[in-house]
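The structure appears right after this line, and notes come after that.
The values are calculated or read from the model by the stated rules, or taken from the named source; none is laboratory data. The shown structure was predicted, so the numbers you read here are calculated from the model rather than taken from an experiment. Neighbour counts run over all protein chains shown; Cβ positions are idealised from the backbone, glycine included. Accessible surface areas use protein heavy atoms only, side chains included; no ligands, DNA or RNA. Shrake-Rupley method; radii C 1.70, N 1.55, O 1.52, S 1.80 Å.
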Amino acid sequence: MDRYAVAGNPVEHSKSPFIHGCFARQTGQALEYTRLLVPLDAFVPAVKAFAAAGAKGCNVTVPFKFEAHAAAACSTERARLAGAANTLRFDAAGWFADNTDGAGLVADVQRNAGFDVAGRDLLLVGAGGAAAGVLGPLLELRPRRVVVANRSVHKAQQLVRAHQPLAERCGAELSAAALDGCGTGYQLVLNATAASLQGDGVPVPASVLARGALAYDMMYGPAAAGFLQWAAAHGATGRDGLGMLVEQAAEAFFVWRGVRPDTTPVLAQLRSASA
Ligand code: ATR
């Protein structure tokens, strides 16, 4: 049976084995998907050993997405733009790296939440790995304007510089800002920071929300609770990243198996389990 895993540290709470197990049953694909706890200083040897034992690929999570991209023999354009990979396929010619996080976010925002990004004003809060993974795919939807706001402004500026040619091709205005100077009235506000994990509140003022805005946290579970409360308190529609998680998994499943699973029943099951 073909073997896959999610490689990370920590990895014990990952929902990926459940999600990929559902996809495999639904599509009739014979595969096994487990967790691979990787020592912080040994990502490449651990994954090499997994591949040498006959595995076909893995997902990569915190904190190894940058290393995964750097270690691959070839990668997709979207992984190169992000400088990070969440999906590896162990090809005969070497590791093939992809980043399906952005496609996952876009599918959840557009298809599941019904929010059309084209022509809208977007605020992306954060400039770490999570933000880097989604900026390119968001720009491809041709928003009117995207502002990347981050605590360390230079990281937002770096991310913006790397994406400026794509923004121009897509006809989108792209700029960087500080958290306390990022403007007002965005129709989509995306939280890609780890602020809640540090025990901190939402790092931008509520004036960033336009009336009826969609406020999206790329985290889920308790880590997203504060952001969702903030969104509700200020009249926005809040959404956590559970849908993004399922959609990025579906995209990785497609990279490995060439089959696109139906995400709707899997997301419904996860939502009812966490209700
Ligand atoms: P990830 O891969 O999850 O994006 P990361 O690369 O460490 O993780 O990035 C974390 C992001 O959360 C960064 O944008 C970080 O801001 P800095 O670049 O200034 O460090 C942001 N972040 C973390 N803690 C924060 C806090 N308490 N307030 C605001 N932003 C925070």
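Quickly run through segment 78-94 and pick out the residues that are closer than 17 Å to L135 by Cα and touching a residue at least 40 places away in the same chain (Cβ under 8 Å). Residues satisfying the conditions are R78, L81, A82, G83, A84, N86. When segment 111-157 is filtered for residues that are within 22 Å of G238 (Cβ to Cβ), without any contact (Cβ under 8 Å) to a residue 40 or more places away in the chain and of a type in the set (D, E), only D116 remains.
Residues that are touching a strand residue (DSSP E or B) at 6+ places or on another chain (Cβ under 6 Å), open to solvent by 20 Å² or more (accessible area, probe 1.4 Å) and among the small types (G, A, S) within segment 233-256 comprise just one, G238. Quick one: would you say A103 is touching an Asp or Glu at 6+ places or on another chain (Cβ under 6 Å), away from the ligand (no atom under 16 Å from the Cβ) and closer than 21 Å to H69 by Cβ? For A103, the condition - touching an Asp or Glu at 6+ places or on another chain (Cβ under 6 Å), away from the ligand (no atom under 16 Å from the Cβ) and closer than 21 Å to H69 by Cβ - is met. Of all residues assigned to segment 215-222, none qualifies as being without any contact (Cβ under 8 Å) to a residue 24 or more places away in the chain, over 22 Å from V62 (Cα atoms), open to solvent by less than 60 Å² (accessible area, probe 1.4 Å) and of a type outside the set (K, R). Against the numbered list (1) in the same structural domain as A52 (by TED's automatic domain parsing); (2) modelled with pLDDT under 95, A130 comes up short only at (1). Residues in segment 189-213 that are in a strand (DSSP E or B) and away from the ligand (no atom under 16 Å from the Cβ) were compared, and the one that is most open to solvent (accessible area, probe 1.4 Å) is R211.
Across segment 257-275, the number of residues qualifying as within 30 Å of C74 (Cα to Cα) and open to solvent by 30 Å² or more (accessible area, probe 1.4 Å) comes to 5.
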